[in-house]
1. Checking the structure you have, find out if any residue of region 614-626 is out of contact with any strand residue (DSSP E or B) (no Cβ under 6 Å at 6 or more places or on another chain), assigned to a loop (DSSP other than H, G, I, E, B) and either without any contact (Cβ under 8 Å) to a residue 40 or more places away in the chain or not assigned by TED's automatic domain parsing to the domain that holds residue 218 (or both).
2. May I ask you to list the residues in region 528-537 that are surrounded by fewer than 23 Cβ atoms within 10 Å (Cβ to Cβ) and in contact with a helix residue (DSSP H, G or I) (Cβ under 9 Å, 6 or more places away or on another chain)?
3. Does region 211-226 contain any residue that is among the β-branched types (Val, Ile, Thr) and crowded, with 19+ Cβ neighbours inside 10 Å?
4. Examine region 544-552 for a residue that is over 29 Å from residue 177 (Cα atoms), at pLDDT 95 or above, crowded, with 21+ Cβ neighbours inside 10 Å and hydrophobic (A, V, I, L, M, F, W, C), and state whether such a residue exists.
5. Between 492, 499, 453, which is modelled with pLDDT under 95 and surrounded by fewer than 20 Cβ atoms within 10 Å (Cβ to Cβ)?
6. Quick one: is residue 397 without any contact (Cβ under 8 Å) to a residue 60 or more places away in the chain, more than 27 Å from residue 532 (Cβ to Cβ), buried (at least 24 other Cβ atoms within 10 Å of the Cβ) and touching a strand residue (DSSP E or B) at 6+ places or on another chain (Cβ under 7 Å)?
7. Could you tell me how many of the residues in region 226-256 are out of contact with any Leu (no Cβ under 6 Å at 6 or more places or on another chain), in a loop (DSSP other than H, G, I, E, B) and either under 23 Å from residue 60 (Cβ atoms) or modelled with pLDDT under 95 (or both)?
8. For region 456-484, which positions are under 21 Å from residue 394 (Cα atoms), in contact with a Pro (Cβ under 9 Å, 6 or more places away or on another chain), β-branched (Val, Ile, Thr) and buried (at least 24 other Cβ atoms within 10 Å of the Cβ)?
Amino acid sequence: MSHAQAVARARQIVARMTLDEKISSLHGVHDATRYRMVPGVPRLGIPDFWMTNGPAGVGPGGASPQPPATAMPAPIALAATWDPELARTYGKIEAQETRSLGSLLFESPDINIARVPQGGRVFESFGEDPFLTGRIAVATIEGIQSTGMMANVKHYLANNQEADRHSVNEVIGERALREIYMPGFEASIREAHSASLMCAYPKVNGAFNCENAPLLDGVLKKEWGYDGFVLSDWGATHSTVPSALNGLDLEMPTGIYFDKELRKAVDAGEVPVAVIDEKLVRRFAKMIEFGDFGPQAKPVPIPALEHGAISRQIAAQGMVLLKNDGGLLPLDATLLKTVLVVGPYAVRPNTGGGGSSHVIPLYTITPYDGLSAELKARLTVMDGGDINAAAEAAKKAELVIVMVGDQDTEGRDQSLELPAAQNDLIRAVVKANAKTVVVVKSGSAVLMPWIDSVAAVLEAWYPGEEDGHAVADVLTGKVNPSGKLPLSFPRSVEDTLASSPEQYPGVNGVAHYNEGLEVGYRGYTAHNIPPLFPFGFGLSYTQFSFDGLKVSKQPGGANATVSFKVTNTGKRTGAEVAEVYLGFPAINEGNEPPLQLKAFSRVMLNPGEAKTVEVKLDARAFSFWSEKTHAWAVATGEFQVMVGDSSASTPLKANLTVR
């Protein structure tokens with residue numbers, strides 16, 4: 001059914017509702033048997049509206065206790081694949097399982113920019129870059145909605161920290177809002193047509209997000225032409241009349257403001273009934289469009305092993321090989337006799353982060369299970385709690401695999417440091433055995449004070465329920481690592497925006513985003529601060545070279561085609577992600593950061609094989625947000641086109657003049 005037809009039918013239904021029925025349909029309920037749901041109106045055929053949390057797999061829904069589902073690798077690991085096709089598959093699997101468990105809306109994806117790596121929900125995000133975030137978000141939403149499940153893009157806008165998230169006022173310039181924090185949402189709405197959007201807890205420029213007229217009613221609904229509905233994060237509604245008039249359509253989880261208080265406001269003439277009707281039409285039209293009215297197909301059980309195999313594949317593709325001195329990896333399964341596997345995440349898997357996105361896995365693969373399936377060696381597994389014993393065992397082993405990590409969660413930000421005992425364990429083991437591989441299972445960047453002494457480091461993120469298999473796949477070379485960092489790894493806390501309390505976490509309830517556009521690698525590059533590992537970085541078990549850059553201007557405005565050749569110069573089949581960055585000419589209103597990602601392409605190559613990659617750059621790639629005209633403007637002058645394998649390594653460079 002077309003959207004116009006769905007709207008017409010929704011209007012007919014709303015016209016038959018009493019005012020009490022309308023009010024009861026504008027907020028959720030929470031009682032002994034119902035949560036994350038909005039009751040339907042049986043006499044009019046309006047179904048109950050159940051929702052399930054994401055985005056790392058099917059999280060808490062209306063049912064209690066929470067049912068198990070496929071624990072997917074963390075979304076940050078999905079972003080590290082730089083592969084929209086995998087993102088489409090990821091969304092599809094999650095949506096199918098949401099349907100299996102009886103919900104009509106899946107609260108995913110979470111696309112807030114990782115402004116500070118300390119953010120407690122960075123693991124749920126797609127990293128620090130708006131372009132990469134947009135590409136992965138669009139594909140995820142398309143995957144979710146291809147199954148007939150509604151997606152819910154969140155949290156609009158700038159939900160970039162957990163510290164004081166319910167009250168902090170984020171002061172953000174118009175240009176930074178448009179160029180850093182909004183593009184992912186704009187793409188999710190305009191390209192992927194997300195059925196719903198969740199407004200966030202914090203204030204932006206003085207107004208709470210769920211009653212923020214310029215952002216909700218202005219940009220989202222009027223400028224972007226959004227035809228879906230806006231629901232509040234749980235408890236993010238702070239008023240009745242401003243929220244009702246400024247663009248909020250559904251209060252969750254209950255009706256503190258949109259129940260009796262809203263009825264009073266309607267009776268007093270402060271909120272017109274037409275405004276109420278419009279909110280219901282938005283939601284019902286989407287439900288009709290997605291086939292939620294009328295008889296529903298019987299839910300099918302989750303195909304646990306089939307979905308687990310896909311989770312394993314995505315987890316392995318998202319792992320980033322950070323260091324591999326002397327070709328210590330991949331491990332030779334035929335030669336190794338004795339291997340020590342040690343650390344807190346050697347004895348148990350690290351399936352995912354905590355908070356509302358926590359998934360109860362259908363099953364889990366332990367590190368021992370995964371490694372013993374691939375290695376013929378005798379494995380000794382220790383938790384590393386006794387560091388001296390671990391060091392003694394390390395001396396006796398041919399090779400040591402240390403598995404460390406963290407447990408990030410919604411509700412609190414984290415230190416970038418691993419627990420001191422884990423850092424001490426790594427130092428002691430490396431001293432005892434130079435052949436040590438460190439596997440980090442983290443939700444964001446972590447500091448690595450031991451990096452210079454360790455030969456090999458693999459960032460595995462939170463790998464989901466197939467942890468043991470996926471990590472073993474990469475360590476043994478069954479999968480050649482091709483993941484690239486979706487956020488910069490700093491050398492120290494001082495190198496992040498956290499070094500200034502005014503910027504993060506804020507002073508007296510106000511966080512000043514006065515770094516403007518200089519977020520993540522844009523800031524490191526602008527200030528010549530070398531990160532520990534740059535955005536876009538990741539090694540392989542083979543090598544690649546780039547050459548033959550050609551940049552041609554296309555007729556009709558600021559459009560260009562960039563082509564170049566990528567060659568696998570090594571001995572193994574592998575994938576390279578070619579990254580295309582632009583450097584802008586001088587701009588009177590203030591310059592852009594030195595480089596920014598504008599395109600990328602993942603290329604699979606056999607040894608010795610070369611492929612020509614061609615990407616197109618549209619006018620938006622050459623544009624900046626003008627605060628003078630409050631619109632996108634194409635910068636004119638000489639751009640630099642840079643192509644390479646990370647934000648810090650762009651061997652191919654060419655100039656392009658835009659007039």
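The values are calculated or read from the model by the stated rules, or taken from the named source; none is laboratory data. Remember, predicted model here, so these are calculated numbers, not experimental data. Neighbour counts run over all protein chains shown; Cβ positions are idealised from the backbone, glycine included.
1. no
2. Of everything in region 528-537, those that are surrounded by fewer than 23 Cβ atoms within 10 Å (Cβ to Cβ) and in contact with a helix residue (DSSP H, G or I) (Cβ under 9 Å, 6 or more places away or on another chain) turn out to be 529, 530, 532, 534.
3. As a first pass, look at region 211-226 and keep what is among the β-branched types (Val, Ile, Thr): 219.
Subsequent filtering for residues that are crowded, with 19+ Cβ neighbours inside 10 Å retains 219.
Within region 211-226, one or more residues are among the β-branched types (Val, Ile, Thr) and crowded, with 19+ Cβ neighbours inside 10 Å.
4. No, because not a single residue in region 544-552 is over 29 Å from residue 177 (Cα atoms), at pLDDT 95 or above, crowded, with 21+ Cβ neighbours inside 10 Å and hydrophobic (A, V, I, L, M, F, W, C).
5. 499
6. Values: without any contact (Cβ under 8 Å) to a residue 60 or more places away in the chain: yes; more than 27 Å from residue 532 (Cβ to Cβ): yes; buried (at least 24 other Cβ atoms within 10 Å of the Cβ): yes; touching a strand residue (DSSP E or B) at 6+ places or on another chain (Cβ under 7 Å): yes.
The answer is yes for residue 397.
7. 12
8. 471
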